[in-house]
Amino acid sequence: MATEGQPRAQARTPLLLSRLEGSQELVTMAVIIPKEDGVISVSEDRTVRVWLKRDSGQYWPSVYQSMPAPCTCMCFNPETRRLSVGMDNGVEFILSEDYNKMTPAQTYQAHHARVTVVLFVLEMEWLLSTAQDKLLSWHCTESGHLQGTYRMAAWVSGLEFDVETRHVFVGDQSGQVTVLKLEQGVCTLVTTFRGHTGSVTALCWDPVQRVLFSGSSDHSIIMWDIGGRKGTAIELQGHSDKVQGLCYAPHTRQLISCGSDGRIVVWNMDVNRQETPEWLDSDLCQKCEQPFFWNFKQMWDSKKIGLRQHHCRRCGKAVCGKCSSKRSSIPLMGFEFPVRVCDRYIHAEGEVQSMFKNGRHCLLTFFFLLKQAVYTQQPSNLTVLDRFVY
């Protein structure tokens with residue numbers, strides 16, 4: 001569902017540390033280097049850059065690596081300093097201890113189309129990757145050998161892995177989230193989730209609470225309670241355009257999302273959120289019993305003009321415009337801004353549970369570490385923030 005209205009402004013704002021400029025094309029991804037005051041970025045200008053903070057307080061590239069093709073994604077493991085870069089295939093580098101040198105380690109000929117996600121799993125020594133050829137593949141990083149592949153129904157745009165159960169969560173362009181079980185050379189379909197009306201654009205997994213977050217081009221975020229085993233799905237509405245990136249801060253239980261609307265939203269997940277109701281079907285307004293415009297028989301019998309159907313976001317009932325003329329925020333249902341409700345729900349319910357930061361440009365990716373964050377935005381900028389989570 002598209003959002004209605006605008007969220008309320010927040011007084012607390014993150015502190016801008018630096019803007020990292022220099023890429024000639026779109027910066028597709030960036031990550032923070034832990035304990036090093038550094039950032040790694042990849043770009044469609046075919047470069048990998050390692051930015052380190054100098055004594056002047058500015059970030060300068062200590063490594064500038066040209067690649068044979070545009071860089072589409074990456075995954076960095078700080079423990080081993082392994083950097084996996086996706087292009088039309090996969091390349092792995094090892095960074096030196098001072099992050100001033102990058103040495104090629106392995107090339108993975110895994111796909112025949114643009115790579116969309118790469119994910120390194122240290123505990124398994126696996127490198128998972130997906131591409132626009134609709135293949136999920138995983139390689140052994142010790143031997144470089146292909147362990148297995150699985151063909152999806154649509155090309156994949158989100159990928160997460162649970163080490164404990166060896167389940168992989170795959171979000172694709174059809175709007176579906178697929179759960180697979182990976183073994184040595186064997187991939188088994190477990191189940192599928194469908195709750196978005198647009199393509200899945202981002203996934204984020206919390207292994208402690210065992211919940212999966214999915215963002216979509218339909219502007220919404222859904223929290224899937226995997227560990228609860230009750231099929232609970234919580235919807236979050238805070239963007240007015242496509243959700244581009246998701247990160248989770250486990251120590252504060254906050255979800256951070258960014259979108260094409262230039263907005264960053266910090267969601268408080270340490271509250272008892274409620275599921276949004278299913279939208280009910282009816283030929284009549286479930287409040288005043290006036291017929292909707294397709295109910296010709298009732299319109300003829302009552303000699304009344306049919307009305308347009310709407311839905312109350314609070315109870316899910318099918319109502320006419322007159323019976324749902326009010327707007328109210330419902331924070332515990334994920335609606336931090338005024339949305340359509342029945343006239344009985346005319347007052348805001350509960351306190352605001354999110355913090356908003358509005359930007360000027362479309363945000364593409366977001367990476368969070370402790371209280372620092374880095375995000376990429378159009379046309380080709382990197383921005384580093386401090387004191388981000390409250």
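Being in contact with a Phe, Trp or Tyr (Cβ under 7 Å, 6 or more places away or on another chain), farther than 26 Å from K53 by Cβ and modelled with pLDDT of 90 or more: is that true of L127 here? Outline the logic, then answer.
Working: in contact with a Phe, Trp or Tyr (Cβ under 7 Å, 6 or more places away or on another chain): yes; farther than 26 Å from K53 by Cβ: yes; modelled with pLDDT of 90 or more: yes.
Spelling it out, L127 is indeed in contact with a Phe, Trp or Tyr (Cβ under 7 Å, 6 or more places away or on another chain), farther than 26 Å from K53 by Cβ and modelled with pLDDT of 90 or more.
Restricting the search to region 99-130, which residues are over 17 Å from S41 (Cβ atoms) and β-branched (V, I, T)?
Result: T103, T107, T116, V121, T130.
Is it the case that E160 is outside any strand (DSSP E or B), under 21 Å from D206 (Cα atoms) and either among the basic types (K, R) or within 23 Å of the chain's Cα centre (by Cα) (or both)?
Values: outside any strand (DSSP E or B): no; under 21 Å from D206 (Cα atoms): yes; either among the basic types (K, R) or within 23 Å of the chain's Cα centre (by Cα) (or both): yes.
No; evaluated as a whole, the condition is false for this residue.
Only residues that are of a type in the set (V, I, T) and either within 19 Å of R166 (Cβ to Cβ) or assigned to a strand (DSSP E or B) (or both): list them for region 196-231, please. Break it down stepwise before answering.
So in region 196-231, the residues of a type in the set (V, I, T) come out as 197, 200-201, 208, 211, 221-222, 226.
Residues satisfying the conditions are V200, T201, V208, V211, I221, I222, I226.
What single numbered condition from (1) of a type in the set (S, T, Y); (2) touching a strand residue (DSSP E or B) at 6+ places or on another chain (Cβ under 8 Å); (3) in a loop (DSSP other than H, G, I, E, B) fails to hold for T252?
Condition (2) is where T252 drops out.
Give A113, A105, A153 a once-over and let me know the one that is of a type in the set (A, V, I, L, M, F, W, C), surrounded by fewer than 19 Cβ atoms within 10 Å (Cβ to Cβ) and in contact with a Ser or Thr (Cβ under 8 Å, 6 or more places away or on another chain). Spell out how you get there, then give the answer.
Details: A113 fails: in contact with a Ser or Thr (Cβ under 8 Å, 6 or more places away or on another chain); A105 fails: in contact with a Ser or Thr (Cβ under 8 Å, 6 or more places away or on another chain).
Testing whether each residue is of a type in the set (A, V, I, L, M, F, W, C), surrounded by fewer than 19 Cβ atoms within 10 Å (Cβ to Cβ) and in contact with a Ser or Thr (Cβ under 8 Å, 6 or more places away or on another chain) leaves just A153.
Report the residue count in region 27-86 for those that are part of a strand (DSSP E or B), among the aliphatic types (A, V, I, L, M) and over 20 Å from F161 (Cβ atoms). It would help to see each step written out before you state the result.
Of all residues in region 27-86, those part of a strand (DSSP E or B) come to 27-33, 38-43, 47-53, 59-66, 73-77, 82-86.
Checking which are among the aliphatic types (A, V, I, L, M) leaves us with 27, 29-33, 39-40, 42, 48, 50, 52, 63, 74, 83, 85.
Narrowing the set further to residues that are over 20 Å from F161 (Cβ atoms) leaves 27, 30, 32-33, 39-40, 42, 48, 50, 52, 63.
Total satisfying the criteria: 11.
So, of the residues in region 271-327 that are surrounded by 14 or more Cβ atoms within 10 Å (Cβ to Cβ) and basic (K, R), which turns out to be farthest from R344 (Cα to Cα)?
Filtering region 271-327 for residues that are surrounded by 14 or more Cβ atoms within 10 Å (Cβ to Cβ) and basic (K, R), the one farthest from R344 (Cα to Cα) comes out as R273.
Which one of these does I234 not meet: (1) part of a loop (DSSP other than H, G, I, E, B); (2) of a type in the set (V, I, T); (3) buried (at least 16 other Cβ atoms within 10 Å of the Cβ)?
Here I234 clears every test but (1).
Which one is least open to solvent (accessible area, probe 1.4 Å) among residues in region 163-180 that are assigned to a loop (DSSP other than H, G, I, E, B) and of a type in the set (G, A, S)? Reasoning before the result, please.
We begin by selecting, within region 163-180, every residue assigned to a loop (DSSP other than H, G, I, E, B); these are 163-166, 173-175.
Now narrow it down to the ones that are of a type in the set (G, A, S): 174-175.
Working: S174: 51, G175: 1 Å².
So the residue we want is G175.
Please give the number of the condition S56 fails out of (1) over 27 Å from H145 (Cα atoms); (2) surrounded by 17 or more Cβ atoms within 10 Å (Cβ to Cβ); (3) not charged (D, E, K, R).
(2)
The values are calculated or read from the model by the stated rules, or taken from the named source; none is laboratory data. Everything numeric in this text was worked out from a predicted model, so none of it was measured. Neighbour counts are summed over all protein chains in view; Cβ atoms, including those assigned to glycine, are modelled from backbone coordinates with ideal geometry. Side chains included, ligands, DNA and RNA excluded: accessible areas come from the protein's heavy atoms. Shrake-Rupley method; radii C 1.70, N 1.55, O 1.52, S 1.80 Å.
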